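Asks: I'd like to ask you about the structure that follows.
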Amino acid sequence: MAIEGVSGRTSYLGSSILNLKSQLDTLTQQLASGKKSTTYAGLGVDSGTATGLRAQISSIAGYANTGSVLNTRINVANLSLQGISSAGSQVKAAAAGATLNLDSSGKTAGQKTAMASFTQVIALLNTEVGGRYMFSGRATDTPATESADVILNGSGTRAGLNQIIDERGQADGTTGLGRTVITSPTPTSVTIGEDVAGSPFGLKLSAITTTSATATVTGPAPPAAPPGAPSEMSVDLGATNPADGDKVRFTFSLPDGTSETIELTATTTTPVPAGSFAIGADSTATAANLKAALNTAVGTLSNTALVAASAMAASDNFFSSSPPLRVNGPPFNTATLLVPGTATNTVSWYTGEDGPDPARGTAVAGIDQSISVQYGARANEDAFVAQLKNIAVYAAVSTNASNPNANGQLTALNSRIVDNLAVHPGTQSIQDIQADFAGAQSAISIAKDRQTQTGAVAQSMLDSIQGINDNEVATKILALQTALQASYQTTASLYQMSLVKFL
């Protein structure tokens, strides 16, 4: 009969000890990590569920990070928008309350404020956040605009706003009669007409009326022949002099879309008051006096309101058109067309991406599985252009203090700046853009709150699958330690046993 050694008979004890040791190691690792297993295989049938929950939690964390980045970008953009809005308000207030005193450069205190504000607005439109220009549309690595100095003064062969204003002033006839011609077709009539048919420059005839019962007015309309002749309007006093106090009113449209009316009153007063014409010995002499008064009034209008309107139109051509429009010249004083500037002869102030789609859609980010927000912006949006072209033209115009019409020019310019920088219903404003950004931030906040709740539930479920009960594991560890100690003692005793000791 074969006799088994102790090692053979006790090999099962060694296996049991190793098993107990393995269980103890697993429980110790669980207690240290707080998890049932460091591998999905260790979770058994719950491994698939755990994988899905982990993916959901990771996705939520990614959306949360995206929301934080977007909030930072939008907050910085909102600060820029607030600064641009404040700059417009400051310039509007300066134009409304500024004195008409000119410094050596031909600028008022209000215009100096406009210069500082224009530089500030350009800097704000070139705001960069983390290497991304916020107002360049999709061209996130490109500044939104040229520098303030280049926009106003040009660069090399490229004309800036100052030059565009000067050329437009020549084309509009701001030092003459506003591209109009005043004649006397008959001894008792006075006619005023545009110098060229179809020209966009100078004063445009709008209406003529009179309170005289004996005078006749016609126009404004092109003469019967030849076709395409310039528009004219006229007044014929007839054979009888007008009565003292009778009026003739000439209304003109100006290049910026505003209108002005010249009202001339027949008078017997000597000397003749401003805005009047003397009643002569007969209607022929009175018509001659009316023509002279109209010449003076149109000359004054051309050297006051037309100067401001021309500058406003030039600024609109420069900022609102892409490429900018400029007078087809030289010569400029006889020009009849506006033409697009080229990359070599005219500054294009906006340097960002310019597409046909809405500006907000140039930057889109997902903030949830099926939700995205739009937060793009372009510096050439209507709200920005309205601010820029008015602030810039106010800063750019210079006035000659020796000109007797200087105050009239400044008054006309100030009134236009005040009106244009006011909020006009139906047009985009800075506040509209801020509202768009606020909507994006609201969507981000709502999504974040929902994701926080969803993430908490998912994390709780994941913890229940892969987490442990510390007390339960600690109890199992103590039990295994006791069992392992007893096994060690038993095994040691068996290994020390021999046949001699047994007998």
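The values are calculated or read from the model by the stated rules, or taken from the named source; none is laboratory data. What you are looking at is a predicted structure, and each value in this text was computed from that prediction instead of being measured. Note that we place each Cβ from the backbone using ideal geometry, even for glycine, and neighbour counts take in every protein chain shown.
Asks: Could we say that residue 290 is touching a residue at least 40 places away in the same chain (Cβ under 8 Å) and farther than 30 Å from residue 441 by Cβ here? Even if it seems obvious, please write down each step before you answer.
Replies: Details: touching a residue at least 40 places away in the same chain (Cβ under 8 Å): yes; farther than 30 Å from residue 441 by Cβ: yes.
Judged against the criteria, residue 290 is a match.
Asks: Another question, if that's okay. Can you list the helices (runs of 4 or more DSSP H) found entirely within region 405-496 that contain at least 2 residues being at pLDDT 65 or above and in contact with a strand residue (DSSP E or B) (Cβ under 8 Å, 6 or more places away or on another chain)? Show your work before the answer.
Replies: Details: elements: 406-420, 430-466, 470-496.
Answer list for region 405-496: 430-466.
Asks: For a quick check of your reading of the model, give me the residue pairs whose first member lies in region 412-433 and is within 25 Å of residue 301 (Cβ to Cβ), whose second is among the hydrophobic types (A, V, I, L, M, F, W, C) and outside any helix (DSSP H, G or I), with beta-carbon atoms closer than 8 Å and at least 6 apart or on different chains.
Replies: 413/397; 414/98
Asks: Could you tell me which residue of region 205-220 is nearest to residue 266 (Cα to Cα), considering only residues that are in a strand (DSSP E or B) and among the small types (Gly, Ala, Ser)? Break it down stepwise before answering.
Replies: Here is the first cut: in region 205-220, the ones in a strand (DSSP E or B) are 205-210, 216-220.
Filter once more, keeping what is among the small types (Gly, Ala, Ser): 206-207, 219.
Values: 206: 22, 207: 19, 219: 21 Å.
Ranking the candidates gives 207 first.
Asks: Still on this model: For region 347-361, what are the residues that are part of a loop (DSSP other than H, G, I, E, B) and either under 16 Å from the mean Cα position of the chain (by Cα) or modelled with pLDDT under 95 (or both)?
Replies: First pass over region 347-361, keeping only residues part of a loop (DSSP other than H, G, I, E, B): 347-349, 351-358.
Correct list: 349, 351, 352, 353, 354, 355, 356, 357, 358.
Asks: Also: Tell me, yes or no, whether region 324-335 has at least one residue that is under 28 Å from residue 136 (Cβ atoms), under 20 Å from the mean Cα position of the chain (by Cα) and at pLDDT 95 or above.
Replies: yes
Asks: What number goes with the only condition from (1) within 30 Å of residue 374 (Cα to Cα); (2) surrounded by 15 or more Cβ atoms within 10 Å (Cβ to Cβ) that residue 82 does not pass?
Replies: Going through the list (1) within 30 Å of residue 374 (Cα to Cα); (2) surrounded by 15 or more Cβ atoms within 10 Å (Cβ to Cβ), residue 82 breaks only (2).
Asks: Looking at 238, 198, 202 in this structure, which one is of a type outside the set (Asp, Glu), surrounded by fewer than 14 Cβ atoms within 10 Å (Cβ to Cβ) and at positive phi?
Replies: Details: 238 fails: surrounded by fewer than 14 Cβ atoms within 10 Å (Cβ to Cβ); 202 fails: surrounded by fewer than 14 Cβ atoms within 10 Å (Cβ to Cβ).
Just one listed residue meets the conditions, 198.
Asks: Considering only residues that are assigned to a helix (DSSP H, G or I) and among the charged types (D, E, K, R), which ones fall in region 307-346?
Replies: Selection gives 316 alone.
Asks: Are there helices (runs of 4 or more DSSP H) fully within region 96-201 with at least 3 residues that are of a type in the set (S, T, N, Q)? List them. Steps first, please.
Replies: Working: elements: 109-125, 148-153, 161-172.
The qualifying helices (runs of 4 or more DSSP H) are 109-125, 161-172.
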